[in-house]
Every structure is written in structure tokens, then in C-alpha cells.
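**Student:** Below you will find the structure I want to go over with you.
The values are calculated or read from the model by the stated rules, or taken from the named source; none is laboratory data. Values in this document were obtained by computation on a predicted structure and should not be read as measured data. Heads up, the Cβs are rebuilt from the backbone with ideal geometry, glycines too, and the neighbour counts pull from every protein chain shown.
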Amino acid sequence: MKRFVTGTWRWLDDRLGISTLIGPSLKHLVPRDARWWYVFGSATMLAFIVQVVTGVALAFSYTSSASQAYETLEWITNEAPFGSFLRGMHYFGASAMVLMVGAHMAQTFLFGSYKFPREMNWTTGVLLLGFTLVMGFTGQLLRWDQTAAWSVVVAAEQAGRVPLIGNFLAQFILGGTTIGGATLSRFFAIHVFIMPALMFTFIGIHLMLVLRHGIAEPPTAGKEVDPKTYRREYEELMQKTGHPFWPDGAWRDFVFGTGLIIVIALLAYFVGPPTLDKPPDPSILHADPRPDWYLLWYFALLAMIPRELEGYLMILGPVVIGVLLLAAPMLNNRGERAPSRRPWSIAVVLLSVIMIGSLWIAGANSPWSPNFDPAPLTEKVIGANSGPVFEGARVFQSKGCLNCHLISGDGGRRGPDLTYIGDTLSESDMIIRIVNGGVNMPAYGNSIRPEELAQLTAFLQSRKRPMPAALEAADR
Amino acid sequence: MTPDEITRRRFLEKLCIGLSGICAAILGIPLVGFVVAPIFRRTTGKWISVGNITDYEVGKTVSVTITDPSSLPWAGITAKNALWLRRVNESEFIGFSVNCTHLGCPVRWLADAGLFMCPCHGGVYYSDGTVAAGPPPKPLIRYDVRTANGQVQIKTMAIPITTTTRL
């Protein structure tokens, strides 16, 4: 039996040429000390494979029709065997892919691996990062619920800010002038055909380049990259100390990859896929669209850019960052690779992480958004159950003040916390603010009656820090 | 190789490249045309009735659901849309687009406060649609509204896109 199997394999391998085709790639020499830092690239590719497999599975049931996609998603999630699990895998697979791309990029940047002769490895990698983010965004849209529908509008509005062709781009995204039958199927075609085709192509090129230039050896401080001698030195190093990729180098990729896929599966099983929001009916105005976590930082950025700079930052920002990233290796492709000799590279990575991290936290809290359903102020918080202070508290709620201001922990966070405003603002100052408005506060002069204003200020004047017990006793 | 052979080779190379270009055009033109076609489909600018004048109270702003009369057959609920309709006085109505002029999220009307608020990035508008706070660059866009035969009619319109007017 064994002889039969071996014989068949030999025959097939001879006629198909499998070993001669992939043998040299598998056995190519890699640096012996390329250890756990080097697993993120293969982990990204594994996450991509997870996406392809689970995506193909989901496509067996998903219908890319504007009127039916939501129903098929409900069916996949609630009724289809493995449906919820597959959606979860696809979601956490996407998350893993974004994280692994980030880790891979940070590692190659810190190790100076983008320098000669691997400039195009980096540049094709940056394109793949862009494709990954496009996949993340279009994927969220295919979860065709209310958030998805409004996200398309937000995307169209952003594209609309591009000078000259903005309107054209916006309508291209919407598939017309409004959300409708044409909108979803466009994103389906982009997510399922166009982007994967681009990704397969560029992953192929990226891998081909890895084989062509070899895996960069871990950097040594003081050993500079000189394009004149680098290739020869690398070749000598591999001949002397390198070992074959398969299996001496590859086993770590398999261990890490298996761990990654187990984590994705556990999250998919125990946490499950993102819940479906309300149906994608644009006439339901109670909407609260938020991007998935990997774009939440960008959502925060859009809320926080100063208005005068918005037009520039929204369009020029991503263009400048994209061009800088693509061109980075061409700007600096020789010299030291070790992060200890390139402290600015550590600073760049740390700053990026801190910036995206803090924007991400801001996006998760989104203090700039009004709180549409604040808990009503209780009598205990108000400190009265009748009289002007009590009436003032009711005005505070009905006029929408509570949507943006906190009182003793209840309300919105858009404006200042007013829990102790009575300590800092006099009655006349308050009236001026309320009537005329202020930075980011509406003027109520036209919409509030004099008696309401009096009640409101009475309530706000009563918002004072409680006196310490000792002082209170002395007062008596 | 003789000069003749070289010329022949150059010619064959150019021929193949030219033929490839023709093949690409045969495939590419319909693809691009089909993909961009929806942009040129005129679907808005139709007058539709949203009920009797008497259905609306003077001074009130209410949401009105409309269905796009020229939607694609499979649009389903995505053919629906809404606007905020305000009856200003006996004869005058204002129809506000629900799309925030910042990035298009649907603004909500807080009747007691007399404000429109946006859930996304905190835009706030007064009852006449002018900006009260937050990032919106311009007032809420208005629909064309008219009254005829006791009915309120609005003219359907595209999702208003705030464009950059200067480079």
C-alpha cells in the first residue's frame, strides 16, 4: 500500500513538476535567528485565508439585494447551522487581519527591513494594508443594517469633499443619488470580486519579492546597509548560518498561526458576530451609526478636526499619509537598521499607537455626540420636588440641556459638566450664556420663555458643591 | 538577423500590443459603462404628495416618510426616505433634508428644545435649519415644497452632498 502511494506520488510529481516548482521556495535559506518577531506576515496571510474560506461559505446564502440582504443575514445568524459561527469567524478574522497587518508593519519598520533591496516589499505591503481597510469597510456595509446604510451615506459625503469630482464620486458610491436598489450590490461586487482579485495579485507579488530578496536578517547595531555590498553579504550569511525555511523556519509560523485561528474560533463561538442593527430603512431616523472598531479612530478624527481645516484634512490627510507610507523606503533605504540606532523609528511607532489608541478611546466614548436618551433627573439629584428649582430641572430636560450637559453623572458629555455650575457662574452670566449661546452651544433667546429662563437659572444656581459637614455645623 | 527580420519582429510586437488594446476595450467599455451608469440615472425631482394640509399643525415639525417613486424594483425598504416637515403658518411649509450637512447622518428633531441634533459628530441646528453648534458647514438643506388642491407636495431630491467649493 505504502509503495503504491509513494509510486503514485512519484509519477504525479514527475508529470506535474510539483517538487521542482515549489521545492526551491520551501527550501530557500532563511536567517537562523529570524524567530518569533517574524510570524506576523504569515499570520496576516492565514487571517486572509480564514476570510476567503468563511466568505465563500457565507456567499452560499447571502443575497446581495438591497431588499433581502437583511433577511438573509438574520437567517444566517439565527437559523443556519454554523451560520452565526461563520459570521463570527469572518468578523474576528477581519479584526485579526487588521491587527496582524499592523504588527507586521511595525515589525518590518522597526527592524529596518524595508531598506535596500526590499523597498518594493514594503510598498506592496502598504497597498495590501489599504486593500485590507477597504475590505473592512465594505464588509461592514454588507452587514446591510441601519448602520451600514448610513455608513454608505457618510462615505459618500466624505468622497464628496474631493475637489472637482466630489459629487461624481459620491454618486458612484451611492450607486445613484440616494440609497436604493443599486447601493448594496456595488459594494458586494467590490468586496467579493474586485478587492479579493487585487489582494490575491498583490499577495502573490509580495511573496515573490520575499523569495527574490530573502527574509531580512535581524538587524545588528553598527552593521549598515550598503546597496553595493548588501546582496553579497546576505548571500554569504545565508550560506554560512542560514537554514531552510521548511521546516526549520516555518514551524513557528504554524504554531503562531494555529494559535491565532483558535483564538478567532473561540471568539466567534463565545462572543459571536456583531449583532444586526435595525433594518436598512432610511426613513428610520433613530439611528446611531458607528464604524466597526478598526475605523472607530477615524470616526473620532472626523468629529475632532477643527472646522476650518476639515476640507483639507479629510481629503489631504489620507492622501499624504498614503503617499508617505508608499514612498517611505525610497526616502531612506540605506544605513543603520537596528532600532537602537534609529530611535526616531521607535518614536514613530509609539506615537502612531498612542495617536490611534487615544482616538480610538475617544471614538468609543464619543463625548461629542448628544445623549439622546438621558436618564431623567431624580428628585434626589434635583433636591426639590416642587418650586422653581424643580420646575427649572424640568426645563433643563425639556430644552435639551441634559442631552449635552452632565448633572451629577446623568446626561450628555458634549458640553461642560454642570453639576456644580452654581459655584462658578453668577445668575446674570448664566442668562447671557443661555440666551446668546456660546462656543458649540445653541442660543436659546428665541425659544425660551422668561419664566422658563428664571426657573432654569434657579435650578442651575442651586447646583453647588455640598458644604463640608463641619462648616455646615458652624453655619448653624 | 537582417534588417527586414527586425522590422518584421517590431511589426508583430506592435500588432500584438495593438490587438490586446482592442480586446481590453471590447471588455472594458461595457464594464465601465455599466458600473458608472447608475450615476447618470435621473431619479429625483418628482413631486409627490405627503398628505393633506390639514394633517399638519402650525408650528410643529414632524417626520414624513416618503417612498422614492422611481426606485429600482428590488429596492424594498431602501426606497423609503424621510424628511422633517415644518408647517410655518397657514400656507407655508418647510421641508428639511434629514442629512446632516457635516457627513450625512440623520438628524433628530427635539421638539421641546426646538433643535435638530445629529447623532454622529454632534451637529446641532435651530428650528429653521441654521447651524447652532458643532461641525456642520452649512444649514440643513431644504426640499421644494408646494401646496396644491389642499395637499402638501414635496419634490424628491438627491442626498445632499456637501462639496468642497475651493481647492
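**Student:** I'm checking my understanding of the structure. Among residues of region A:32-60 that are in a loop (DSSP other than H, G, I, E, B) and at pLDDT 95 or above, which one is nearest to residue A:106 (Cα to Cα)? Step through it out loud before you land on a result.
**Tutor:** Taking region A:32-60 first, the residues in a loop (DSSP other than H, G, I, E, B) are A:32-35, A:39, A:60.
Among the residues that remain, those that are also at pLDDT 95 or above are: A:39, A:60.
Working: A:39: 12, A:60: 36 Å.
Per the stated criteria, the residue is A:39.
**Student:** From the list A:319, A:323, which residue is away from chain B (no Cβ under 14 Å) and β-branched (Val, Ile, Thr)? Spell out the reasoning first.
**Tutor:** Details: A:319 fails: away from chain B (no Cβ under 14 Å).
So the residue among A:319, A:323 that is away from chain B (no Cβ under 14 Å) and β-branched (Val, Ile, Thr) is A:323.
**Student:** Which one of A:287, A:265 is in contact (Cβ under 8 Å) with a residue 60 or more places away in the chain and surrounded by 18 or more Cβ atoms within 10 Å (Cβ to Cβ)?
**Tutor:** A:287 is the lone residue from the list that is in contact (Cβ under 8 Å) with a residue 60 or more places away in the chain and surrounded by 18 or more Cβ atoms within 10 Å (Cβ to Cβ).
**Student:** Under the condition of being part of a loop (DSSP other than H, G, I, E, B) and within 7 Å of another protein chain (Cβ to nearest Cβ), which residue from region B:74-105 is surrounded by the fewest Cβ atoms within 10 Å (Cβ to Cβ)?
**Tutor:** Within region B:74-105, the match that is surrounded by the fewest Cβ atoms within 10 Å (Cβ to Cβ) is B:74.
**Student:** Go through the residues of region A:298-309 one by one and say whether even a single one is of a type in the set (D, E, K, R) and free of Cβ contacts under 8 Å to residues at least 24 places away in the same chain.
**Tutor:** Yes.
**Student:** Could you list, in sequence order, all residues of region A:154-168 that are buried (at least 20 other Cβ atoms within 10 Å of the Cβ) and either touching a residue at least 40 places away in the same chain (Cβ under 8 Å) or more than 7 Å from every other protein chain (Cβ to nearest Cβ) (or both)?
**Tutor:** Answer for region A:154-168, where residues must be buried (at least 20 other Cβ atoms within 10 Å of the Cβ) and either touching a residue at least 40 places away in the same chain (Cβ under 8 Å) or more than 7 Å from every other protein chain (Cβ to nearest Cβ) (or both): A:154, A:155, A:158, A:159, A:161.
**Student:** Would you please list the contacts, defined by Cβ atoms under 9 Å and residues six or more apart or on different chains, that run from a residue in region B:31-49 that is within 11 Å of another protein chain (Cβ to nearest Cβ) and more than 14 Å from residue B:72 (Cα to Cα) to a residue that is of a type in the set (Ser, Thr, Tyr) and in a loop (DSSP other than H, G, I, E, B)?
**Tutor:** From residues that are within 11 Å of another protein chain (Cβ to nearest Cβ) and more than 14 Å from residue B:72 (Cα to Cα), the pairs are B:45/B:156.
**Student:** Out of the residues in region B:106-139 that are within 18 Å of residue B:59 (Cβ to Cβ) and more than 8 Å from chain A (Cβ to nearest Cβ), state the one that is farthest from the chain's Cα centre (by Cα).
**Tutor:** Out of the qualifying residues, it is B:111.
**Student:** With the structure loaded, tell me whether residue A:365 is within 14 Å of chain B (Cβ to nearest Cβ) and either more than 26 Å from residue A:422 (Cβ to Cβ) or touching a helix residue (DSSP H, G or I) at 6+ places or on another chain (Cβ under 7 Å) (or both) or whether it fails that test.
**Tutor:** For residue A:365, the condition - within 14 Å of chain B (Cβ to nearest Cβ) and either more than 26 Å from residue A:422 (Cβ to Cβ) or touching a helix residue (DSSP H, G or I) at 6+ places or on another chain (Cβ under 7 Å) (or both) - is met.
**Student:** If you scan region A:321-358, which residues turn out to be closer than 20 Å to residue A:294 by Cβ and of a type in the set (Gly, Ala, Ser)?
**Tutor:** A:322, A:352, A:357, A:358
**Student:** I would also like to ask the following. Tell me which residues, restricted to region B:140-163, are under 29 Å from residue A:301 (Cα atoms), in a loop (DSSP other than H, G, I, E, B) and more than 10 Å from every other protein chain (Cβ to nearest Cβ).
**Tutor:** Of everything in region B:140-163, those that are under 29 Å from residue A:301 (Cα atoms), in a loop (DSSP other than H, G, I, E, B) and more than 10 Å from every other protein chain (Cβ to nearest Cβ) turn out to be B:140, B:141.
**Student:** Let me ask something else about it. Scan region A:415-429 for residues that are under 23 Å from residue A:369 (Cα atoms) and out of contact with any Lys or Arg (no Cβ under 8 Å at 6 or more places or on another chain) and jot them down.
**Tutor:** Answer for region A:415-429, where residues must be under 23 Å from residue A:369 (Cα atoms) and out of contact with any Lys or Arg (no Cβ under 8 Å at 6 or more places or on another chain): A:415, A:416, A:417.
**Student:** Can we say residue A:394 is closer than 27 Å to residue A:218 by Cα and either in a loop (DSSP other than H, G, I, E, B) or modelled with pLDDT under 95 (or both)?
**Tutor:** No: the conditions fail for residue A:394.
**Student:** Additional query: Between A:345, A:366, which is surrounded by 18 or more Cβ atoms within 10 Å (Cβ to Cβ), on the phi > 0 side of the Ramachandran plot and touching a residue at least 12 places away in the same chain (Cβ under 8 Å)?
**Tutor:** Just one listed residue meets the conditions, A:366.
**Student:** Please find, among B:51, B:33, B:18, B:28, the residue that is over 30 Å from residue A:172 (Cβ atoms) and assigned to a helix (DSSP H, G or I).
**Tutor:** Going through B:51, B:33, B:18, B:28 in turn, just one is over 30 Å from residue A:172 (Cβ atoms) and assigned to a helix (DSSP H, G or I): B:18.
**Student:** To continue, here is another question. Among the numbered criteria (1) more than 9 Å from chain B (Cβ to nearest Cβ); (2) modelled with pLDDT of 90 or more, which one does residue A:294 miss?
**Tutor:** Going through the list (1) more than 9 Å from chain B (Cβ to nearest Cβ); (2) modelled with pLDDT of 90 or more, residue A:294 breaks only (2).
**Student:** Additional query: Which of the residues belonging to region A:159-217 are among the polar types (S, T, N, Q) and farther than 23 Å from residue A:61 by Cβ? Steps first, please.
**Tutor:** We begin by selecting, within region A:159-217, every residue among the polar types (S, T, N, Q); these are A:167, A:171, A:177-178, A:183, A:185, A:201.
Across region A:159-217, the qualifying residues are A:167, A:171, A:177, A:178, A:201.
**Student:** Another question about this same structure. Looking at (1) over 27 Å from residue B:43 (Cα atoms); (2) at pLDDT 95 or above; (3) among the polar types (S, T, N, Q), which one does residue B:99 not meet, given that it meets all the others?
**Tutor:** Just one mismatch for residue B:99, condition (1).
**Student:** Exactly one condition in (1) out of contact with any helix residue (DSSP H, G or I) (no Cβ under 9 Å at 6 or more places or on another chain); (2) of a type in the set (Ser, Thr, Tyr); (3) within 20 Å of residue A:139 (Cβ to Cβ) is false for residue A:298; which is it?
**Tutor:** For residue A:298, the exception is condition (1).
**Student:** For region B:50-73, enumerate the residues that are loosely packed, with under 14 Cβ neighbours inside 10 Å, touching a residue at least 40 places away in the same chain (Cβ under 8 Å) and either within 12 Å of chain A (Cβ to nearest Cβ) or closer than 26 Å to residue A:71 by Cα (or both).
**Tutor:** Once the filter is applied, which keeps residues that are loosely packed, with under 14 Cβ neighbours inside 10 Å, touching a residue at least 40 places away in the same chain (Cβ under 8 Å) and either within 12 Å of chain A (Cβ to nearest Cβ) or closer than 26 Å to residue A:71 by Cα (or both), region B:50-73 yields only B:69.
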